[in-house]
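In what follows, a single structure is set out as structure tokens and then discussed.
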Amino acid sequence: MYRVLVTVGLVLGTSASVVCGQVAVPTPAAVAAVAAVKPSSPLDALRFLVGTWQGEGSGQPGRGSGAASFKLDLDGRVLVRRSHSDYPTAGGKPAVVHDDLMVIYATPGRVGLEAMYFDNEGHVIKYAAEVSPDGRRVVFLSEAEPAMPTFRLTYARVGEDVMDVVFEIAPPGAPGSFKPYVSGRIRRTNPDS
């Protein structure tokens, strides 16, 4: 009988204790209180990114504008960024449309955050993410690989709903020699993306 009671307790997501042959069952209110308490997530440090953002910037492709959204997904286990930028024809350069998707996550058993980035140009970048101690900046840094550039993407809060964004590239063989590729300022237009 003890085995059956423990099995029932495990299936119900509760612990059961046997005291003099009786089982203590939590009240519905106690079960609801336990369910409402969620363990802290490593993604909590990135909640300042959540929302819909619009902005303008400039860089190698020229001056442009764009929008991005950051949304928690899969019960808060990942943060998904979708981004769209338009760079009109200017100075002899053709118009450029850039779309990308980045999924930010914590890998169980590892410290820190990671991200996978994909774009409409065929780039795939794996990043490690580091949040500043004051929680106002996050830096995504790709691994240095021989014969490949290194990438760094930085979001820095300059106000409650304003961030500076810089995407930098270091040439192959010089992983610390970053040069800005594009930079801009974005403003949150909807905090609940």
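Each reported figure results from applying straightforward, stated rules to the coordinates on display, with no laboratory input. Computed from a predicted structure; not experimentally measured. Positions of Cβ are generated from backbone atoms using ideal geometry, with glycine treated the same way; all protein chains shown enter the neighbour counts.
Based on the convex hull around the alpha carbon atoms, region 70-129 presents an average projected area of 5.1 nm². The spread of Cα positions in region 42-190, taken along each principal axis and listed from longest to shortest, comes to 49, 40, 27 Å.
If R0 is taken as 30 Å, the Cβ-Cβ distance between Glu121 and Arg185 corresponds to a FRET efficiency of 0.80.
The charge dipole of region 42-190, taken about its Cα centre with unit charges on the Cβ of Lys, Arg, Asp and Glu (plus for the first two, minus for the last two), comes to roughly 260 debye. With the cut-off at under 19 Å, measuring from each backbone N in region 47-85 to a point 7 Å along the Cα-to-Cβ line of Asp192 picks out 47-54, 69-76, 80.
Here the gap between Asp134 and Thr107, fully extended at 0.36 nm per residue and compared with their Cα-Cα distance, gives a gain of 7.4 nm. The packing ranking of peptides 101-110, 135-144, highest mean first, is 135-144, 101-110, where packing means the average number of other beta carbon atoms within 10 angstrom of each residue. Here region 125-172 is treated as a sphere whose radius is the Kirkwood value from Cα pairs; by Stokes-Einstein at 20 °C and 1.002 mPa s it diffuses with a coefficient of 186 µm²/s.
Ordering Thr189, Phe167, Val80 by Cα displacement along the dipole of region 42-190 toward the positive end leaves Thr189 in first place; charges were set at the Cβ atoms of Lys, Arg (+1) and Asp, Glu (-1). Taking other residues whose beta carbon is less than 9 angstrom from the beta carbon of Ser69, and scoring Lys, Arg as +1 and Asp, Glu as -1, yields +3.
Shown for His123, His98: other C-beta atoms within 10 Å of each C-beta, ranked fewest to most, produce the order His123, His98. Here the label points at Asp86 and Gln54, each 7 Å from Cα along the C-beta direction, are separated by 1.1 nm in the simple model.
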